[in-house]
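Peer 1: First the structure, which I've put down as structure tokens, then a few questions once you've had a look.
What follows is calculated from the coordinates using simple rules that are stated; it is not laboratory data. Small disclaimer: the values here were computed from a predicted structure and weren't measured. Glycine gets a Cβ as well: all are built from the backbone with ideal geometry, and neighbour counts include every protein chain shown.
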Amino acid sequence: MMTRIRTLFLAVVLVACGAPSAETSLTGTDLDGAFTFDPALVLDDGARRAFDYALLVEDELPEAEFAAWFEARLRAHDLDEAHVAEVRAAFEGYVDYRRQAAQILERPSGNRVQARADLDQLVTDALGTTPLATSERQRLDRGFAMADALALPDQRQRQAAIQALTAEDEAQFRQTTAGRYRKAQAAITEAKEAGASPSELAAIRTRQFATFGSAALARLEALEARRAAFRSRIEALAKVPESERAARMIEQFSPDERRRVPGALLRLEAMN
């Protein structure tokens, strides 16, 4: 976390020196959400929507460029420097919360009661008694309920339960850039898993990302190519003896990629 905070301070230098705003697949869209100060920043769903919007493109940019891009979007929302710093710190806390929550959820299945208790404590420690903490607990409730729904043996019951649980999120997603973006990404992922041909995938991308513009589509396609190459290198690294992995990481991964390698290896191992 401290590394990212230092990087965010570096972003101030980049912006002050006139560094150009980075191009991302969200270029041309407005920042989701809104910020309320009373007088300090209120962590609520408006702040969370803005944070989730930013996280959509986190892996599109090197760390310092992402930080500069995020701060530029905040200034475009007419936030002064004090408020930019406050939002930036809150964003770091939110990212750290999500990381720790993911670690809890990635534990081997078993004691769900303990996992939920640990998540509740994490929400309290990270988000306090803010409106965001309340809504986050509601999201966790839906997440655990979704796991129960997916385990239902009857297909009709399973589909009905899933639709009921996702209706609220679907309605909210349709109102946000982040939601529409994730929905478009999910459609592409489903098509890939179903074995769609390259021409079919291209048509789906064009249709799903039409509202974001052709430039966004081109950037997304380039990003997908980079992600595919990263996954290929991760799969190769997983076959290397652990005693040799550190040296191989330095040879084959950039500094920004290296911070994502441990998590990528864990996800790969969980899938196999």
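Peer 1: Write down, largest first, the equivalent ellipsoid semi-axes of the stretch 220-272 in whole Å, where each equals the square root of 5 times an eigenvalue of the alpha-carbon gyration tensor.
Peer 2: One finds semi-axes of 19, 14, 9 Å for the stretch 220-272.
Peer 1: Please state the Cα pair-distance histogram of the stretch 110-153 with 10 angstrom bins from zero: what percent is in each bin?
Peer 2: Bins of 10 Å from zero give 27, 49, 21, 4 percent of pairs.
Peer 1: Could you go through the stretch 150-155 in sequence order and give the Karplus-derived ³J(HN,Hα) for each residue, using 6.51 cos²θ - 1.76 cosθ + 1.60 with θ = phi - 60°, rounded to whole Hz, and x for Gly and Pro?
Peer 2: Once θ is set to phi - 60°, the couplings for the stretch 150-155 become 5, 8, 5, x, 7, 4 Hz.
Peer 1: For a quick size check, give me the Cα extents of the stretch 45-131 along its three principal axes, largest first, whole Å.
Peer 2: Cα spread of the stretch 45-131 along its principal axes, largest to smallest: 46, 30, 16 Å.
Peer 1: OK, next. Ordered by residue, what ³J(HN,Hα) values in Hz, to whole numbers, does the stretch 97-103 give under the Karplus form 6.51 cos²θ - 1.76 cosθ + 1.60, where θ = phi - 60° and Gly and Pro are x?
Peer 2: 4, 4, 4, 5, 5, 5, 5
Peer 1: Still on this model: What ³J(HN,Hα) values, in whole Hz, does the Karplus curve 6.51 cos²θ - 1.76 cosθ + 1.60 give for the stretch 222-236 when θ = phi - 60°, with x put for Gly and Pro?
Peer 2: 5, 5, 4, 5, 5, 5, 4, 5, 5, 4, 4, 5, 5, 4, 5
Peer 1: A follow-up question, please. For the stretch 67-206, what does the alpha-carbon gyration tensor say about shape, rounded, prolate or oblate, given a ≥ b ≥ c as the root eigenvalues, a/c under 1.5 as rounded, and a/b over b/c as prolate? Mind showing how you got there, number by number?
Peer 2: On the way: a/c = 2.11, a/b = 1.16, b/c = 1.81.
Because a/c hits 1.5 or more and a/b fails to exceed b/c, the stretch 67-206 counts as oblate.
Peer 1: Continuing with the same structure: Using a Förster distance of 45 Å, how high is the FRET efficiency between GLN157 and ALA85, based on the Cβ-Cβ distance and rounded to 0.05?
Peer 2: Details: r = 50 Å, r/R0 = 1.11.
For GLN157 and ALA85, the calculated efficiency is 0.35.
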